[in-house]
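The values are calculated or read from the model by the stated rules, or taken from the named source; none is laboratory data. None of these values were measured; they are calculated from a predicted model. Glycine gets a Cβ as well: all are built from the backbone with ideal geometry, and neighbour counts include every protein chain shown.
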Amino acid sequence: MLEVKTFNIEGPVLLIPRVFVDERGYFMESYQKIRFLENGISSNFIQDNESKSSKFVLRGLHFQKPPFAQAKLVRVISGAIFDVAVDIRKSSPTYGKYISAILSDENKNQLFVPEGFAHGFLVLEENTIVNYKVNAFYNKESEGTLQWNDVDLNIDWPTHDVSISEKDVQASMNFKTFLTPFD
């Protein structure tokens, strides 16, 4: 069983798996293609990525330009994150708007982020491990990064006292002057 919650932006969905818990621990299906297809998620995932981060590390807001655009299925193995997806589809009525969700090892929720969204997350607990599936291989020349604290995006992060990679600082684009590659 899989419960699916939608947002006020078409595309991203929060996936709430059925978790079986007893004195030994828990069991859950983290991915089953048929269940995802039944809920309109037809991305063909081809790679899993994993990161481990300290508290208040911020990763993002990343995206891959077409033809290397990526959909992601994000979940937390250990710890917790504040996960964000920004709509960068120019023809979308919610262009420049974002959704957010708390993903943790406790709630076991997953966020599906379709192509056409910039994605990022803020780590809320020490030694958090994030795992995500992607449907396209990474291409360095196609990567893009929006400023995590852009005033036009106005993301309500839990804190602004964050640690960001030098690469993200240097690569970040201002949303006002950003020319999206997505229709």
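Points worth noting:
- From the list Ser142, Ser91, Ser51, the one residue that fits, being out of contact with any strand residue (DSSP E or B) (no Cβ under 6 Å at 6 or more places or on another chain), in contact (Cβ under 8 Å) with a residue 60 or more places away in the chain and more than 17 Å from Leu15 (Cβ to Cβ), is Ser91.
- Of the candidates Asp48, Asp22, the single residue that is closer than 29 Å to Phe178 by Cα, loosely packed, with under 13 Cβ neighbours inside 10 Å and not aromatic (Phe, Trp, Tyr) is Asp48.
- Only a single criterion out of (1) in a strand (DSSP E or B); (2) in contact (Cβ under 8 Å) with a residue 40 or more places away in the chain; (3) surrounded by fewer than 20 Cβ atoms within 10 Å (Cβ to Cβ); (4) not polar (S, T, N, Q) is not satisfied by Lys108, namely (1).
- Test: Val74 is part of a strand (DSSP E or B) and loosely packed, with under 15 Cβ neighbours inside 10 Å: no
- Of all residues in the range 17-42, those satisfying the criterion of being outside any loop (DSSP other than H, G, I, E, B), more than 23 Å from the chain's Cα centre (by Cα) and on the phi < 0 side of the Ramachandran plot are Phe20, Val21, Asp22, Tyr26, Phe27.
- Selected residue (only one of Leu103, Leu122 is under 21 Å from Phe175 (Cα atoms), under 15 Å from the mean Cα position of the chain (by Cα) and either modelled with pLDDT of 95 or more or assigned to a strand (DSSP E or B) (or both)): Leu122
- Within the range 43-71, the residues that satisfy the criterion of being part of a loop (DSSP other than H, G, I, E, B) and more than 17 Å from Arg89 (Cα to Cα) are Ser43, Asn44, Phe45, Ile46, Ser54, Lys55, Phe56.
- Against the numbered list (1) in contact (Cβ under 8 Å) with a residue 40 or more places away in the chain; (2) within 20 Å of Phe7 (Cβ to Cβ); (3) out of contact with any helix residue (DSSP H, G or I) (no Cβ under 7 Å at 6 or more places or on another chain); (4) surrounded by fewer than 16 Cβ atoms within 10 Å (Cβ to Cβ), Asn127 comes up short only at (2).
- Pro66 vs. criteria surrounded by 11 or more Cβ atoms within 10 Å (Cβ to Cβ), in contact (Cβ under 8 Å) with a residue 60 or more places away in the chain, closer than 26 Å to Ser163 by Cβ and in contact with a Pro (Cβ under 8 Å, 6 or more places away or on another chain): no
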